[in-house]
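Chemist: Quick one: the structure is below, and I'll ask about it shortly.
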Amino acid sequence: MIKPLSKSRFKLGLECPNKLFFTSKTAYANQSADDSFFQALAEGGFQVEALARLHYPEGAFIDTKNYEYDLAVNLTKSQLEKDSISIYEAAIAYERLFIRTDILSKKGNHIKLIEVKAKSFDPSYEHLFIGKRGGINSGWKPYLFDLAFQKYVAQKAYPEFTFEAFLLMADKTKTAKVDGLNQLFRIPKEGNPRTDATSSITSISEIGESVLSEINVDSIINKIIANEYPYFDNLSFEESIHLFKDAYQNDNYLNWPTKFGNCKGCQFKTTLEQEAEGLKSGFKYCFKKQHGWKSIDFEKSNAFEIWNFRGKNLVEENRLLMSELTENDINIKFEAGRLSASERQWIQIEKAQQDDNTIFVLKNELKEEMNSWQYPLHFIDFETSTVALPFTKGRKPYEQVAFQFSHHQLNKDGSIEHKSEYINNTPGEFPNFEFARALQKSLSKDQGTIFRFAAHENTIVNAIISQLSSSTELDKVELITFLKSISTSTKDNTDQWTGNRSMIDLNKVVKDYYYNPITKGSNSIKVVLPASIYSSSFLQEKYSKPINEINVGSTNFESDIIWLQKKDDEVINPYKMLPPLFDGWSTFDLDNTISELDNIADGGAALTAYAKLQYVEMDDNEREEITTALLKYCELDTLAMVMIYEHFKYDLIQ
């Protein structure tokens, strides 16, 4: 079978039919090229799938390589000749359409198609799949259309059978009945999560009850196939299948109309490094074809860069360059004492139009805000995960797990200490309560202002408070009192509070008072930090010296590290200076590593690293190397917050 339209390609076509032209072509960059190992590991998908198979034990596994379509189809066909059988990764083909089902359960002539998803749901929610207005909820649309494609292909290939569609997922209303559930499914050295996950149990009865539940979605799937829930207004479900199949197999570019949201997040864009390597951009291909852009236009500022912007009708009007935008495109609304979202957007556009890279700051408002802060200042960053299967008895699937924090303290005399840190790298330990105790110990010595960057840390504290409330921890009242003092309740929390030391969101401070054109609208700390350094004479002067000379303490870096370095007169982003993993290891030692990590310089890599520490069998020295890299990454995150604060204090308000 040559180049069949698989369910993954079908889903890609639903995102944007033009993407079918770029996928599988090595000439085009793909920012979301699947690393199935990392993805399955970080999301906990391999564990959910392994547990799901225990719902249908002793099934036949169609274990073939990805390109062995005919072999997989024939092996499946042979198994389907049995009157009663469960099959994992069943392969079915029909007229160059190809699917693999997570679980297929056959009894007589009736077959259940079961799609396993590393996703949680509440079965009691009335509008889970279909919204109040009668349409499919957007968050579920890709999953349901995926399953509809599977049923369509299966029914066409085997008209003598009846097929019924189900989703099998983590159930928010269920709790683990045993401790250590998430350690019952692990990956051996050099193992693949899809095929090699090992389990120390053979029956669900051994764990009391599964935290997964099966939900029948067949009526919705049938309506999708019957085109009662069209994905595209001008294309039926069956028409989309044939259109995508023909385009993909005949290598046709469909010239599907571009849309602002789709194009802004297109994965077929190139980085400068990829362009230097000769990779092509699918995004540029579309805009040259459809909008007549020249190569120079891609170097100009465009509407896709605008922070939190929806695009209106700019694509249809072919007005996407910043130079073509007016105030009418923004509908500016002002807010007293801070930058509104629309005002911030217009500032970004104006500065781009005027080629103005100077910083905009509400100086007086920022100064008033900063004067309310109390020394010593504490800067906190958390690293967290949501594990599919709970660590301990009584916990629910996908609860928040806080495994690490870093804490910098800035004293009134300007000295900076890496005051404390916490990390848990032990497989199977639920760290949240020890995490809370360590945080309390770190922050209870004074009444200094505490900072976070974005909402994440506050959300995690709320989650830990909820977990403590239902726990039997002897000090839970004390811990909850402390955690409430440094946080604010989330909107969905029935218990409302605002702590007397509730963490200040430094990201919100940036959005409210400050815009640096170098960020091109991004408010990520990974972008705000290098922009601040580039714009700050204070930071450039201070951090061009070793940290031991400027009274900056560190727990994980050498005392002579210099954070501000340049290459070809350009400031190097400090995150790019984080050392690679296994630096200095011998070839022999490197050959024995199995984590497949190069470095940890962003939250996604940290999440993957923690997942590997939890579920992959590795040697102690490799485990220690990953732990060290996590500590360095998290320390830099809180030092970055300190630097941004210093930029504000010494460059902007004095």
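Chemist: Which of the residues belonging to segment 90-114 are touching a residue at least 60 places away in the same chain (Cβ under 8 Å) and within 29 Å of the chain's Cα centre (by Cα)?
Modeler: Kept after step one, since they are touching a residue at least 60 places away in the same chain (Cβ under 8 Å), are these residues of segment 90-114: 92-100, 102-103, 114.
Scanning segment 90-114 gives 98, 99, 100, 102, 103, 114.
Residue by residue, here is whether (1) touching a strand residue (DSSP E or B) at 6+ places or on another chain (Cβ under 9 Å); (2) surrounded by 15 or more Cβ atoms within 10 Å (Cβ to Cβ); (3) assigned to a helix (DSSP H, G or I); (4) on the phi > 0 side of the Ramachandran plot holds:
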{"site": "253", "(1), (2), (3), (4)": "no, yes, no, no"}
{"site": "258", "(1), (2), (3), (4)": "no, yes, no, no"}
{"site": "263", "(1), (2), (3), (4)": "no, yes, yes, no"}
{"site": "267", "(1), (2), (3), (4)": "no, yes, no, no"}
{"site": "270", "(1), (2), (3), (4)": "yes, yes, no, no"}
{"site": "284", "(1), (2), (3), (4)": "no, yes, yes, no"}
{"site": "288", "(1), (2), (3), (4)": "no, yes, yes, no"}
{"site": "310", "(1), (2), (3), (4)": "no, no, no, no"}
{"site": "315", "(1), (2), (3), (4)": "no, yes, yes, no"}
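Chemist: Would you pick out the residues in segment 108-131 that are part of a strand (DSSP E or B) and of a type in the set (Gly, Ala, Ser)?
Modeler: Filtering segment 108-131 for residues part of a strand (DSSP E or B) gives 110-121, 130.
Listed by number, the residues that qualify are 118, 120.
Chemist: Can I ask one more? Can you find, within segment 108-133, the residue that is modelled with the lowest pLDDT among those that are small (Gly, Ala, Ser) and surrounded by fewer than 12 Cβ atoms within 10 Å (Cβ to Cβ)? Break it down stepwise before answering.
Modeler: Narrowing segment 108-133 to residues small (Gly, Ala, Ser): 108, 118, 120, 124, 131.
From what is left, the residues that are surrounded by fewer than 12 Cβ atoms within 10 Å (Cβ to Cβ) are 108, 124.
Values: 108: 97, 124: 88.
Selected residue: 124.
Chemist: Can you tell me how many residues within segment 62-99 are at pLDDT 95 or above and of a type in the set (Phe, Trp, Tyr)?
Modeler: Residues flagged as at pLDDT 95 or above and of a type in the set (Phe, Trp, Tyr) within segment 62-99 amount to 3.
Chemist: Return yes or no: is residue 144 in contact (Cβ under 8 Å) with a residue 60 or more places away in the chain and crowded, with 17+ Cβ neighbours inside 10 Å? Steps first, answer last, please.
Modeler: Working: in contact (Cβ under 8 Å) with a residue 60 or more places away in the chain: yes; crowded, with 17+ Cβ neighbours inside 10 Å: yes.
So residue 144 fits the description; yes.
Chemist: Test residue 614 against the criterion of being outside any loop (DSSP other than H, G, I, E, B) and modelled with pLDDT of 90 or more, and give yes or no. Lay out the reasoning, then the answer.
Modeler: Working: outside any loop (DSSP other than H, G, I, E, B): yes; modelled with pLDDT of 90 or more: no.
No; evaluated as a whole, the condition is false for this residue.
Chemist: Another one. Of the residues in segment 509-536, how many are free of Cβ contacts under 8 Å to residues at least 40 places away in the same chain and within 22 Å of the chain's Cα centre (by Cα)? Can you show your working first?
Modeler: Step one: of segment 509-536, the residues free of Cβ contacts under 8 Å to residues at least 40 places away in the same chain are 519, 524, 527, 531, 534.
Within this subset, residues satisfying the condition of being within 22 Å of the chain's Cα centre (by Cα) are 519, 524, 527.
Looking only at that region, the number is 3.
Chemist: Please pick out the residue among 381, 446 that is touching a residue at least 60 places away in the same chain (Cβ under 8 Å), assigned by TED's automatic domain parsing to the domain that holds residue 647 and within 30 Å of residue 120 (Cα to Cα).
Modeler: Working: 446 fails: within 30 Å of residue 120 (Cα to Cα).
When all the criteria are applied, what remains is 381.
Chemist: I'd like the residue in segment 398-415 that is over 24 Å from residue 476 (Cα atoms) and surrounded by fewer than 23 Cβ atoms within 10 Å (Cβ to Cβ) and, out of all such residues, is farthest from the chain's Cα centre (by Cα). Let's see the steps before the verdict.
Modeler: We begin by selecting, within segment 398-415, every residue over 24 Å from residue 476 (Cα atoms); these are 408-415.
Those still in the list that are surrounded by fewer than 23 Cβ atoms within 10 Å (Cβ to Cβ) too: 411-415.
On the way: 411: 34, 412: 37, 413: 39, 414: 36, 415: 35 Å.
Once the filter is applied, the top-ranked residue is 413.
Chemist: While we're here: Give me the helices (runs of 4 or more DSSP H) completely within segment 440-527, filtered to those with at least 2 residues that are of a type in the set (Ser, Thr, Tyr), ordered by residue number. First the steps, then the outcome.
Modeler: Working: elements: 456-469, 476-485, 506-513.
The qualifying helices (runs of 4 or more DSSP H) are 456-469, 476-485.
Chemist: Does residue 436 fit the bill of being assigned to a helix (DSSP H, G or I) and in contact (Cβ under 8 Å) with a residue 24 or more places away in the chain? Before the answer, list the steps.
Modeler: Details: assigned to a helix (DSSP H, G or I): yes; in contact (Cβ under 8 Å) with a residue 24 or more places away in the chain: yes.
So residue 436 passes the test.
Chemist: Now a separate question. Can you pull out the residues in segment 277-297 that are farther than 18 Å from residue 254 by Cβ and either assigned by TED's automatic domain parsing to the domain that holds residue 515 or under 27 Å from the mean Cα position of the chain (by Cα) (or both)?
Modeler: The answer is 277, 279.
Chemist: Could you check residue 74 against (1) touching a residue at least 24 places away in the same chain (Cβ under 8 Å); (2) under 19 Å from residue 158 (Cβ atoms) and say which number it fails?
Modeler: (1)
Yes or no, residue by residue, for (1) farther than 17 Å from residue 640 by Cα; (2) touching a helix residue (DSSP H, G or I) at 6+ places or on another chain (Cβ under 6 Å):
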{"position": "420", "(1), (2)": "no, yes"}
{"position": "430", "(1), (2)": "yes, no"}
{"position": "440", "(1), (2)": "yes, yes"}
{"position": "459", "(1), (2)": "yes, no"}
{"position": "462", "(1), (2)": "yes, no"}
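Chemist: Answer yes or no as to whether residue 549 is closer than 18 Å to residue 406 by Cα and surrounded by fewer than 17 Cβ atoms within 10 Å (Cβ to Cβ). Before you say what the answer is, go through the steps one by one.
Modeler: On the way: closer than 18 Å to residue 406 by Cα: no; surrounded by fewer than 17 Cβ atoms within 10 Å (Cβ to Cβ): yes.
When the stated conditions are applied, residue 549 does not pass them.
Chemist: Among the candidates 631, 639, single out the residue that is of a type outside the set (Ser, Thr, Tyr) and farther than 26 Å from residue 398 by Cα. Full working, then the answer.
Modeler: On the way: 631 fails: farther than 26 Å from residue 398 by Cα.
Within the list 631, 639, the selection yields 639.
Chemist: Run down 419, 441, 393, 445 and say which single residue is in contact with a His (Cβ under 6 Å, 6 or more places away or on another chain) and surrounded by fewer than 22 Cβ atoms within 10 Å (Cβ to Cβ).
Modeler: Details: 441 fails: in contact with a His (Cβ under 6 Å, 6 or more places away or on another chain); 393 fails: in contact with a His (Cβ under 6 Å, 6 or more places away or on another chain); 445 fails: in contact with a His (Cβ under 6 Å, 6 or more places away or on another chain).
Answer to the check: 419.
Let's see how each residue does on (1) modelled with pLDDT of 95 or more; (2) among the aromatic types (Phe, Trp, Tyr):
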{"residue": "206", "(1), (2)": "no, no"}
{"residue": "217", "(1), (2)": "yes, no"}
{"residue": "221", "(1), (2)": "yes, no"}
{"residue": "226", "(1), (2)": "yes, no"}
{"residue": "250", "(1), (2)": "no, no"}
{"residue": "274", "(1), (2)": "no, no"}
{"residue": "281", "(1), (2)": "yes, no"}
{"residue": "293", "(1), (2)": "yes, yes"}
{"residue": "299", "(1), (2)": "no, no"}
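Chemist: Could you tell me which numbered condition residue 131 fails, if it satisfies all but one of (1) in contact with a strand residue (DSSP E or B) (Cβ under 6 Å, 6 or more places away or on another chain); (2) farther than 24 Å from residue 611 by Cα?
Modeler: Looking at each condition in turn, residue 131 falls short on (1).
The values are calculated or read from the model by the stated rules, or taken from the named source; none is laboratory data. The structure displayed is predicted, hence computed values, not measured ones. Backbone-built Cβ (ideal geometry, glycine too); neighbour counts: all protein chains shown.
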